[in-house]
Amino acid sequence: MFIAEPLDQIYWNVRYRLSSHAISQPVIVIPLDNQGSGSTKSSGWTTMEQARLLELVRRQVPRKVVLDARVDTGQSIWGDRALARAIGELGDDFSLVLRNNSVDADSHGEFLFPASSVVPRSRIAISKWNANFIDFATTAPYAVRIDGKSYPTVGPAVAGIRGREGGVYVPDFSLDPDSVPQLPVSKLLNGKFAPGLLTGRTVVISDFGTAGRPIGYFGHGRTPDIALAFAGSEGLRRPFAIVLPRLVLLGLLAVCLALAANARSRREKALFYIAACGVTFVLPAILVEFGILSFTDQLLATMAIYGSIRLWQKWRRRVQHTSASGLPNLLSLTSKQIEVGRDVVVAVIARYEEILATLPKELHGECARQIARRLSVGSGRSEIYNGDGGHFAWTEEARPLEMQLNHLEGLRALFSAPLQIGEHTFDTNIHFGLDRNEGVDALARVNSALASANEALTSGRSIELFEAARLAEAPWELSLHARIDEGLRNGDIWLAFQPQWDFAEKRFCGAEALIRWNHPTRGPIAPDAFILQAERAGRIDALTFWVLEEAITAALEINALGPRFQMSINLSAQMVDKPNLVSNIAEVVQRRGIDPSLLTIEVTETSSVHNRPAARHNLSQLRALGFRLSIDDFGTGEASLSYLAELPSDELKIDRRFVSRITTAERERAIVAYTIALAHDLHQEVVAEGIEDEATLQLLMELGCDYAQGYYLGKPQSFADFIQTYRRSADIQIGIV
Ligand code: C2E
Ligand code: CA
Ligand code: CA
């Protein structure tokens, strides 16, 4: 792993620098310079001069003498003889260091052996080191074989131990090479040194300052190779001399990391991580104290790679999880493949920031989780993604549009119950953005659902549809304006009437006007969906006023038949706060000559209208003109108690979600019963909608409800059908009376 070797280099540099220490053995160096002899020869010192130096040193009774210099035999017979004699007198206590002068460290051919009659072969030590990729010494052999004969290397020679052939040992690079004491050669020659300075020491006479190739010494840069001899002899005092196979520590590290990855507790995990760091950073440094060398490059590389992977994973988790709630965030939904046949829904909680502002910080996550729980219960999806600012996203089975809108409306009802977080209670309101663009990538889909949800929030609508394949639908969208006008003209758009029953008078007393669109190619379009589209296409005014005109026509006709007949129309939330609303409506009723009290205006969702004061003002004015006001879908989402307190009204319409269950569910029955009582206390009349059977109708009568509406009494139908059944029922009624 060549790329990792620099890591090893850095590691050992730091390690040896940190543990730097002075030499512990009795060693002294006598450096040779070129001038000392006065000779002009490049080698500096003649054999005669070298003999004299050895003689001077011997008199001081050293432990051992090492001559680390070039010996030029064959220049002077007398010199050679003198040197041979001096070496002979030192006997076993003398070594001559031979250096490889070749640049190629592996070559053995470059050693210049002096005449063996002067220096016996048994007195020769070889300077030889194993080095790493940038020529820093790592280990040294005990011995070197040259021309079939084995020679010890300098480390063992300086340490005075016998080399074993074949093995390697690890020098101690913590040794500070500058800590080796020196005696200048001039002082030796003049006798100017403390008596006993050389006694009992290993005296190394070396020309290291002027010859030899510098070599890398961990923690100390490049040094003359004789410095390594001291590191070598220091290292040889250790108990072992082993180079550990790479796999040993690597295996140990792998075990630690695997245990950390599978740890059962945080503490356990931390423990194994510490162990892994120990194996990587501390263990090699400890082992080398005992002379056991291990290579750290692969350990460090493994830790570096493992560390970066964990950091990256952590970052991804951070990015993909909203930290407070621990729920996955929107980004993680966009990075997924959205399954085929699913719509993307984004829900946004109105005034979420305000809710959070009143909550202590540690409950913020709980708030998001509680909302997510409701959504997941309602949608049957376990993964709810949580974005900033009260956005929640998930995917829904792509049902037909009308069903999907109904389903989301149902989800909305789940939020009519307040959120209970700690000791705090919040009324919430939820808006949805829906994306049905299958085949587009997840990011685009989540974004369009998000944008639609925000649109729904600002416009106050409950659901905003990012229309199925907006691009493909563009012609339809663009021409919707024209199509609505065309539909109104040719009768594709028509008004249905659903009868309302008066419990007290036991007769049909009114109807709700409900818009219908039978599109020639698309078939019937659900009113919620196309009202949503009409709002977006800016045609809602035209539609509303068309409905008003048609409903007035019908109301006038039926009222002409006899008893008082009340006509209800729905007012879109989009329109309630429009500045011209009241004057425009007043103009119509005046022109048509109808008594406004025959008309009931049903409103819902007003709390999410842009301009609430304007809406309140408009509604009060309409009431002052004589219109009846009805609160539609009471009990769901925003048509709640605060609304009842705030807005002027005459009637309350209990949503069919409650009504349809009163015969089976105790709770709903209680809710409806109390709502009726409450409404009566506030001088409101009560309409129950969505009555589908006799039992429900019967029960509502017993509960004191005023009016009833539902499929059991009559489905929304054309005016022609309606007037026929109305006449018949009126006849029956008259017959009974
Ligand atoms: P809404 O005002 O709550 O209207 C009552 C809805 O309940 C109608 O759905 C009606 O057909 C349905 N319904 C009545 N009785 C029963 C029953 O016994 N069982 C069941 N399952 N459903 C019953 P529709 O006609 O699909 O209208 C849906 C919504 O579209 C309306 O809800 C209203 O919000 C809106 N809408 C309809 N016409 C107009 C209009 O002219 N203007 C405006 N702004 N909105 C309209
Ligand atoms: Ca209605
Ligand atoms: Ca309703």
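Of the residues 730, 673, 665, 679, which is under 21 Å from residue 629 (Cα atoms) and open to solvent by less than 50 Å² (accessible area, probe 1.4 Å)? Being under 21 Å from residue 629 (Cα atoms) and open to solvent by less than 50 Å² (accessible area, probe 1.4 Å) holds for just one of 730, 673, 665, 679, which is 679. Suppose the filter is touching a residue at least 40 places away in the same chain (Cβ under 8 Å), open to solvent by less than 10 Å² (accessible area, probe 1.4 Å) and under 30 Å from residue 171 (Cα atoms); does residue 280 pass it? The answer is no for residue 280.
Considering only residues of the range 225-246 that are open to solvent by 70 Å² or more (accessible area, probe 1.4 Å) and touching a strand residue (DSSP E or B) at 6+ places or on another chain (Cβ under 8 Å), which is nearest to residue 162 (Cα to Cα)?
Step by step, filter the range 225-246, then rank; the result is 240.
Set side by side, the residues 579, 596 differ, and just one is open to solvent by 20 Å² or more (accessible area, probe 1.4 Å), touching a helix residue (DSSP H, G or I) at 6+ places or on another chain (Cβ under 6 Å) and away from ligand 1 (no atom under 16 Å from the Cβ), which is 596. Kindly indicate the residue of the range 401-419 that is part of a helix (DSSP H, G or I) and under 20 Å from residue 668 (Cα atoms) and also farthest from the chain's Cα centre (by Cα) among those meeting that condition. So, considering only residues that are part of a helix (DSSP H, G or I) and under 20 Å from residue 668 (Cα atoms), the one farthest from the chain's Cα centre (by Cα) is 406. Going through (1) in contact with a strand residue (DSSP E or B) (Cβ under 8 Å, 6 or more places away or on another chain); (2) farther than 26 Å from residue 291 by Cβ one by one, residue 131 falls short only on (2). Every listed requirement among (1) closer than 30 Å to residue 430 by Cβ; (2) in contact (Cβ under 8 Å) with a residue 40 or more places away in the chain; (3) more than 13 Å from ligand 1 (Cβ to nearest atom) is met by residue 726 save one, (1). Contact map, the range 68-90: first residue more than 20 Å from residue 202 (Cα to Cα) and not assigned by TED's automatic domain parsing to the domain that holds residue 202, second residue aromatic (Phe, Trp, Tyr) and part of a loop (DSSP other than H, G, I, E, B), Cβ cut-off under 6 Å, separation 6 or more or different chains; the map is empty. Regarding the range 627-638, can at least one residue be identified that is within 16 Å of ligand 3 (Cβ to nearest atom) and farther than 30 Å from residue 432 by Cα? Within the range 627-638, one or more residues are within 16 Å of ligand 3 (Cβ to nearest atom) and farther than 30 Å from residue 432 by Cα.
For every residue, the table says whether it meets (1) open to solvent by less than 60 Å² (accessible area, probe 1.4 Å); (2) more than 30 Å from residue 12 (Cβ to Cβ).
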{"position": "250", "(1), (2)": "yes, no"}
{"position": "255", "(1), (2)": "no, no"}
{"position": "270", "(1), (2)": "yes, no"}
{"position": "298", "(1), (2)": "yes, no"}
{"position": "306", "(1), (2)": "yes, no"}
{"position": "328", "(1), (2)": "yes, yes"}
{"position": "331", "(1), (2)": "no, yes"}
{"position": "335", "(1), (2)": "no, yes"}
{"position": "345", "(1), (2)": "yes, yes"}
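I'm told residue 711 meets every condition in (1) at pLDDT below 95; (2) within 10 Å of ligand 1 (Cβ to nearest atom) except one. Can you identify the failing condition by its number? Here residue 711 clears every test but (1).
The numbered conditions (1) under 44 Å from the mean Cα position of the chain (by Cα); (2) closer than 30 Å to residue 693 by Cα; (3) away from ligand 1 (no atom under 12 Å from the Cβ) are all true for residue 610 except (2). The residue that is nearest to ligand 2 (Cβ to nearest atom), among those in the range 479-502 that are surrounded by fewer than 19 Cβ atoms within 10 Å (Cβ to Cβ) and within 26 Å of residue 697 (Cα to Cα), is 496.
Counting the residues of the range 531-558 that are under 13 Å from residue 485 (Cα atoms), of a type outside the set (Lys, Arg) and within 47 Å of the chain's Cα centre (by Cα) gives 5. Filtered by the rule that a residue be open to solvent by 40 Å² or more (accessible area, probe 1.4 Å) and within 16 Å of ligand 2 (Cβ to nearest atom), the range 515-530 gives 516, 528.
The values are calculated or read from the model by the stated rules, or taken from the named source; none is laboratory data. Note that this is a predicted model, so its numbers are computed, not measured. For neighbour counting, all protein chains shown are included, and Cβ atoms are generated from backbone atoms with ideal geometry for every residue, glycine included. Just the protein is used for accessible areas: all its heavy atoms, side chains included, with ligands, DNA and RNA removed. Shrake-Rupley method; radii C 1.70, N 1.55, O 1.52, S 1.80 Å.
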